[in-house]
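Student: A single structure is presented below for examination.
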Number of protein chains: 2
Amino acid sequence: MSIRSVPLSRVHIRDDFWSPRQQLMTDVTIPYMERILRDEVPGAEKSHAVENFRMAAGESSGAFYGMVFQDSDVAKWLEAAAYSLMLKPDAALEKRVDEMVALVGRCQLPDGYLNTYFTVREPENRWQNLLECHELYCAGHMLEAGVALHEAGKDELLHICCRLADHICERFEKEEGIPGHEEIEIGLLRLYQATGNDRYLRMAKTFLDRRGQEPDWFIRHTPAHPGIHYGGYDILPADTAYNQTDVPVRAQHAARGHAVRQLYLLTAMAGVAAETGDADMADACRRLFADIRQRQMYVTGAVGACATHESFTVAYDLPGDRCYGETCASVAMTFFAHAMLCGDMDGKYADLMELELYNAALSGMQLDGRRFFYVNPLRVDMRLAGKVAGYTHVLPRRPAWHACACCPPNLARLLTSLGGYLWSEDRDTVYSHLLIGNDAELQHGRIHLETGYPWKGWAKYTLEAEGEFCLAIHIPGHVRNLTVRVCGEDTEGKRDKGYLYLRRRWHSGDTVELDFPLPVRRLYARREVSDCAGKVALARGPVIYCLEAVDQEAPVGALVLPQEAEIREIQGIPGLPDDLVALEMTGESVAEQDELYSERRPEREEHKIVAVPYFAWANRETGDMTVWIRE
Amino acid sequence: MSIRSVPLSRVHIRDDFWSPRQQLMTDVTIPYMERILRDEVPGAEKSHAVENFRMAAGESSGAFYGMVFQDSDVAKWLEAAAYSLMLKPDAALEKRVDEMVALVGRCQLPDGYLNTYFTVREPENRWQNLLECHELYCAGHMLEAGVALHEAGKDELLHICCRLADHICERFEKEEGIPGHEEIEIGLLRLYQATGNDRYLRMAKTFLDRRGQEPDWFIRHTPAHPGIHYGGYDILPADTAYNQTDVPVRAQHAARGHAVRQLYLLTAMAGVAAETGDADMADACRRLFADIRQRQMYVTGAVGACATHESFTVAYDLPGDRCYGETCASVAMTFFAHAMLCGDMDGKYADLMELELYNAALSGMQLDGRRFFYVNPLRVDMRLAGKVAGYTHVLPRRPAWHACACCPPNLARLLTSLGGYLWSEDRDTVYSHLLIGNDAELQHGRIHLETGYPWKGWAKYTLEAEGEFCLAIHIPGHVRNLTVRVCGEDTEGKRDKGYLYLRRRWHSGDTVELDFPLPVRRLYARREVSDCAGKVALARGPVIYCLEAVDQEAPVGALVLPQEAEIREIQGIPGLPDDLVALEMTGESVAEQDELYSERRPEREEHKIVAVPYFAWANRETGDMTVWIRE
């Protein structure tokens, strides 16, 4: 038995940090999204997504509205709603999900085809423009929704999805073709894992195998539609790096192009490699993971630095104030890291999930779950953000909704399915990846995990199990001076690649207790990152910190943190949750001067500096913010 | 008698620094430009400018080619050629100028209209699209050329220009209309100064008076031409700040929009204010000068930070690595500062001219006069420059020629007419603005100035004059510890707003000697300039320095200059002129580290650092460069 993730259905999160956030999703965000999709929220961006399905089912008339990939909003909502039902039974939600699935079913054409844009607007052109038209992308998301509902015990959408997937296999087994925006591969892989039908796995692998073999494929196969920009953007087929078609996937060496595309591709590659044992594909995934982690990632975990084409750029080009760092890309990076764990049990993947979850992904959401960032900058200057060319994508406050509404549902499906990221197992070993409180039903029995994480450095595993097996616990990469007690007795265990391996004959009631300090850490970037030269970032446990104007006595841009400054932990910052650990230190601020340029080195004044978790920024008074602080 | 600039015809530059550069212009650049305009340079961007004139004159057939303002290249060349003839008689050049002027004359229509684009391509549409079509802009440059040739003793183009100006007055005295790109106002002002015909001054003032009175003027008066972008760019009439039509010119408070437009407007405003005594207009000029100098200027003098629309942005938004800093904008800033001196004898204007001339303007030109920068960044990272979105305008090497060839001729006309920027006089006083060696014929006699500037801190004025008058010498703002000797005797003189006033009865052979140290200065930006936080720039005399990769032992981005480091002057850098003063210091470089982010503060290694004058960068091996150095 190879290593498998323990599915969401067998893991129940009970965690002071994450449970309230899951509850926000089930009680606030997912219902709100549904109302958005149904155009029932006054003042919000018009969605029209449900109405598009009604029109495709012949139950309404009018014009298609929205992105060519508007269907994916419904699919992602269905997926998140499925997880929501698993977290918290809700008959009313279940009824609305059933209605939505039935509506989706009525849009499916007899041959299995399912896409409202083409059904309503250009039935003659389906599967003609794979570069821009996102039919395979929308299908991939629908497949993921079908599998999620299947896991929640509801199979109607799964049947629709199998017909859709069969239709896609019919078409693309015979005819060449690759998706312009990767995602179908993930959907097919998950459908294979849910159904055991290996036709779907083969199709996923075929899409991967074909990609980049003919770098000019889209150039030769994209019809000219003067004046029509399907995606609301303008991507030339000749930009083959944009959608990762410039080289075969196994020959990729660096992440480039559209970040979400790149990361969905990698997630699929990692999954297919784990299923098929494709060593070259697994190697490519490891290379790309290393490239991103070591050369193209912000300290918050944000990836896809460049607003132009929402893309990776080149190594070490990581400007904080123009960071794009799409929330979806951090969600996708979490998917990718999780997929890697199936083939390669290395703590660096779990560390990466942790980094995204507590920082770049979580910052996408307002603390109350009602507003979302698309872009997650590391520095905000109010004079520039949202106004000046080069900074127009940077916002100091989360918008209520987005015309391109990909990020909120992506975050919703990640957070509601978080239980599925906690554990893996094979015949002999149970792997715990994340220090998030939960009850898990595993093959060897039940394990109950309690923890004070991320604010406190302790975790306690209590087993309801009998028998010999190995419990492998991921120790976060930042932990030093770990104390391990098994049934109250200090233990060393065996450490390998970020995991603590504890093998013994376990009895019900046995406990494993971890204790570790959570000192404030000063982080420095390597010298190639010019934006971070001479600067320091603060972290404590998995949480990266930032300075917000509302907490400071001097302008954020003027603050300097001396190397020797003592940093104190504080709680009770007004407007933030009581248990949130903030940091207070005595720093300096550069004094104002009259001249733009002066021969006088600016003087410094002593000032208190307060840092708050990055994920919590932009929840109070709007103002300047920075993660990197001049040291 | 109000203060007047002493015209170029009465000033002869003899200067170790500038004379060779003027010679490059007369011997290399101006002949090269002419061959470009005639499409005689294999491999260079096609110009077609002369051919457009031939077609407009009915002497050739074919299609107009180039920018809608391609005529201005010919006008700017004629202006530069006029100055060249004043610097150095050249019968062959004079003959070619005469032929070019005759060709221009043959293109003029009977009513005085002169523009090849509309004559060849859209005769029915002349004066219809003032926003985009640059007819008034091209006319303004032709007027400047006509005045320059008049100053060189050749009046044929002046007659053509008077007919053109009369035609413009006929049209725009009666009908509303403002230029989309300012320049006609400068041309009309200079034509007034050359001819004494105050109709031209009134017309210039009228264009200024109208501007911004109706912010929607261009919105109402720009015809829709689907698919035609006259300028090769896409500016919406609604962007009223782009061309400074959002507020009346006297109500302007901050520089914004297209930098060259803003600065040509200000140059005209300053000139018209000085001619008419318009105090409100003069106040607006002073406000805008202060805004640019104190909030929107790079330490090199570069202005117009933003590549998008080649524009000013907001206060303190001065990123070095994405700096646009068009050469034309620095040339225009020199014009503006010079124009201000006529109404307000303040050394800050002369200091600004000096800053532009020795730095941001001069860096536009390769040392051999054969290649030109359009964009003048303060930091170049070879991994990004010219490649990555946001940096595509930044080049590490001057191109051979440009499709939009505005900068080389603009620099050529500035450098060849430099003599006209050195002196002003009124009835009682002679003002020396710049420490550039020259012989000047002034109303009170001749003055001969020798100087070791910019490398050595001495200057010597020798008078051939008899009588009482005041000699006012601008002392550069960076000078401390000035020694003044008049006829060998130490003198204090009177100092006011950057000028040293020496009043006495002068006799032929009298001398004024200035001596001052030129220490290396460390410059700091005010705290609002985030890109310069914790960094220092080096200057010596008027020259700003930079670090180029070719001179360093460690990567430019890794270098750190300790606060206490001693900085030594050196000469003889291979590949640079022998007399050029470079700087050598013992600095540090941040050590390489393996991890992108690390808890270990990076170590430092001791390294020699060499700084060279910014104007001389990109003349040797291509590589990283920075003006601001981490301190």
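Student: Sum up the charges of everything whose Cβ sits under 10 Å from the Cβ of residue A:463, counting Lys and Arg as +1 and Asp and Glu as -1, but leave residue A:463 out.
Tutor: Once positives and negatives cancel, what remains is -2.
Student: May I ask for the percentage of alpha-carbon pairs in the range A:195-343 that lie more than 22 Å from each other?
Tutor: When every Cα pair of the range A:195-343 is considered, 42 percent fall beyond 22 Å.
Student: Using a 10 Å cut-off on Cβ to Cβ distances, tally the other chain neighbours for every residue of A:18-29 and report the average as a whole number.
Tutor: Going residue by residue through A:18-29 and averaging, the value is 0.
Student: Report the Rg/Rh value for chain B, based on alpha-carbon coordinates and the Kirkwood definition of Rh. Intermediate results must be reported in sequence, preceding the final value.
Tutor: On the way: Rg = 24.5 Å, Rh = 25.3 Å.
Rg/Rh for chain B comes to 0.97.
Student: Please give the length that would be gained between residue A:400 and residue A:566 if that part of the chain were fully extended, namely 0.36 nm times their separation in residues minus their C-alpha to C-alpha distance (nm, one decimal).
Tutor: Length gained between residue A:400 and residue A:566: 55.9 nm.
Student: Further question: Take the alpha carbon atoms of the range A:568-631, find their center, do the same for the range B:289-364, and report the distance between the two centers in whole angstrom.
Tutor: Centre-to-centre distance over Cα atoms comes out at 33 Å.
Student: Just from its helices, what would the mean residue ellipticity at 222 nm be for chain B, if runs of 4 or more DSSP H residues each count -39500 (n - 2.57) and the sum is divided by every residue, rounded to the nearest 500 deg cm²/dmol?
Tutor: Helix-only estimate at 222 nm: -10000 deg cm²/dmol.
Student: Leaving ligands and nucleic acids out of the surface, order A:253, A:309 by accessible area at 1.4 Å, largest first.
Tutor: Heavy-atom accessible area, descending, gives A:253, A:309.
Student: Report the closest approach of any chain B C-beta to the axis of the B-to-A rotation: residue and distance, in whole angstrom.
Tutor: B:534, 2
Student: Next question. Positive end of the dipole of the protein assembly as shown, charges at C-beta (+1 Lys, Arg; -1 Asp, Glu), about the Cα centre: which of B:77, A:70, A:627 has its Cα farthest in that direction?
Tutor: Highest projection toward the positive end goes to A:627.
Student: Simple spin-label model, 7 Å along Cα-to-Cβ: residue B:28 to residue A:12 in nm?
Tutor: Between residue B:28 and residue A:12, the simple spin-label model gives 8.2 nm.
Student: To the nearest 0.05, what FRET efficiency results for residue A:124 and residue A:622 with a Förster distance of 45 Å applied to their C-beta separation?
Tutor: 0.40
Student: List for the range B:304-322: residues with 30 Å² or greater reduction in accessible area, all protein chains versus chain alone, probe 1.4 Å?
Tutor: B:314, B:317, B:322
Student: On average, how much accessible surface per residue is there in the protein assembly as shown, in Å², for a 1.4 Å probe, leaving out ligands, DNA and RNA?
Tutor: Result: 34 Å² per residue.
Student: Here's another thing I want to ask about it. Once you keep just the Cα pairs under 8 angstrom separated by 6 or more residues, what percentage relative contact order results for chain A?
Tutor: This gives 13 percent for chain A.
Student: May I ask you to derive the FRET efficiency for residue B:483 and residue A:287 from their Cβ-Cβ distance with R0 = 56 Å, giving the value to the nearest 0.05?
Tutor: Working from the Cβ atoms, E equals 0.25.
Student: Computed over the Cα atoms of the range B:48-240, what is the convex hull's projected area averaged over all directions, in nm²?
Tutor: Projected over every direction and averaged, the Cα hull of the range B:48-240 covers 10.9 nm².
Student: Can you give the Kirkwood hydrodynamic radius for the range A:248-418, in Å, rounded to one decimal and based on Cα pairs?
Tutor: 16.1 Å is the Kirkwood radius here.
Student: Sorted from shortest, what are the nm distances separating the label point of residue A:594 from equivalent points in the other copies, each placed 7 Å from Cα along Cα to C-beta?
Tutor: Between copies, matching label points for residue A:594 lie 5.4 nm apart.
Student: Taking both sides together, what accessible area is buried at the A/B interface, probe 1.4 Å, expressed in Å² and rounded to the nearest 100?
Tutor: 4700
Student: Using 7 Å Cα-to-Cβ label points, what is the residue B:45/residue B:216 separation (nm, one decimal)?
Tutor: The answer from the label model is 3.7 nm.
Student: At 1.4 Å probe size, with the rest of the protein present, what percent of the exposed accessible area of the protein assembly as shown is carbon and sulfur atoms?
Tutor: That share works out to 47 percent.
Student: Going by average Cβ neighbours within 10 Å, how do the peptides B:604-614, A:83-93 rank, with the highest at the top?
Tutor: Packing order, densest peptide first, comes out as B:604-614, A:83-93.
Student: Quick one: divide the alpha-carbon radius of gyration of the protein assembly as shown by 2.2 N^0.38 Å and tell me what you get.
Tutor: 1.05
Student: Let me ask something additional. Points 7 angstrom from Cα along the Cβ direction at residue A:578 and residue B:173: gap in nanometres?
Tutor: In this crude spin-label approximation the distance works out to 8.2 nm.
Student: At a probe radius of 1.4 Å, what is the per-residue accessible area of residue B:27, in Å² to the nearest 10?
Tutor: Number for this one is 60 Å².
Student: In peptide A:518-528, how many Cβ atoms from other protein chains are near each Cβ within 10 Å, on average?
Tutor: Numbers: counts 0, 1, 0, 3, 4, 7, 10, 6, 11, 13, 9.
Taking the mean over all residues of the peptide, I get 6.
Student: Next up: What does a probe at residue B:88 reach in the range B:29-43, counting residues whose amide N is under 11 Å from the point 7 Å along Cα→Cβ?
Tutor: Counting backbone N atoms under 11 Å from the label point, the list is B:29-31.
Student: Below 10 angstrom from the Cβ of residue B:480, what's the summed charge of the other residues (Lys, Arg +1; Asp, Glu -1)?
Tutor: Details: positive: B:521; negative: A:599.
Around residue B:480, the charge tally is 0.
Student: Continuing with this model, one more query. Across peptide A:597-603, how many C-beta atoms of other chains are within 10 Å of each residue C-beta, on average?
Tutor: Going residue by residue through A:597-603 and averaging, the value is 6.
Student: Post the alpha-carbon centroid distance, the range A:232-276 to the range B:255-271, in whole angstrom.
Tutor: 47
Student: Place a point 7 Å from the Cα of residue A:608 along the Cα-to-Cβ direction; which residues of the range A:559-585 have their backbone N under 14 Å from it?
Tutor: Flagged as within label range: A:568-574, A:582-585.
Student: A further question follows. Determine the sum of side-chain charges near residue B:445: Lys and Arg each +1, Asp and Glu each -1, restricted to other residues whose C-beta is under 13 angstrom from that of residue B:445.
Tutor: Charge balance near residue B:445 sits at -4.
Student: List the distances, in nm to one decimal, from the label point of residue A:485 to the label points of the same position in every other copy, shortest first, placing each label point 7 Å from Cα along the Cα-to-Cβ direction.
Tutor: Ordered by increasing distance: 8.8 nm.
Student: Find the centroid of the Cα atoms in the range B:11-62 and in the range A:473-523, then give the distance between the two in whole Å.
Tutor: About 76 Å separates the Cα centre of the range B:11-62 from the one of the range A:473-523.
Student: Would you kindly work out, in nm and rounded to one decimal, the distances from the label point of residue B:224 to those of the same position in each other copy, ordered shortest first, with label points 7 Å along Cα-to-Cβ?
Tutor: 2.4
Student: While we're on this one: Let's test this: bin the Cα-Cα distances of the range A:521-630 at 5 Å from zero up to the farthest pair and state each bin's percent.
Tutor: 2, 12, 22, 23, 20, 12, 5, 3, 1, 0
The values are calculated or read from the model by the stated rules, or taken from the named source; none is laboratory data. Owing to the predicted nature of the structure, the values given are computational and were not obtained by experimental measurement. Here Cβ is always computed from backbone atoms with ideal geometry, including for glycine, and neighbour counts include all displayed protein chains. Please note that ligands, DNA and RNA were not included when accessible areas were found on the heavy atoms of the full protein model with its side chains. Shrake-Rupley method; radii C 1.70, N 1.55, O 1.52, S 1.80 Å.
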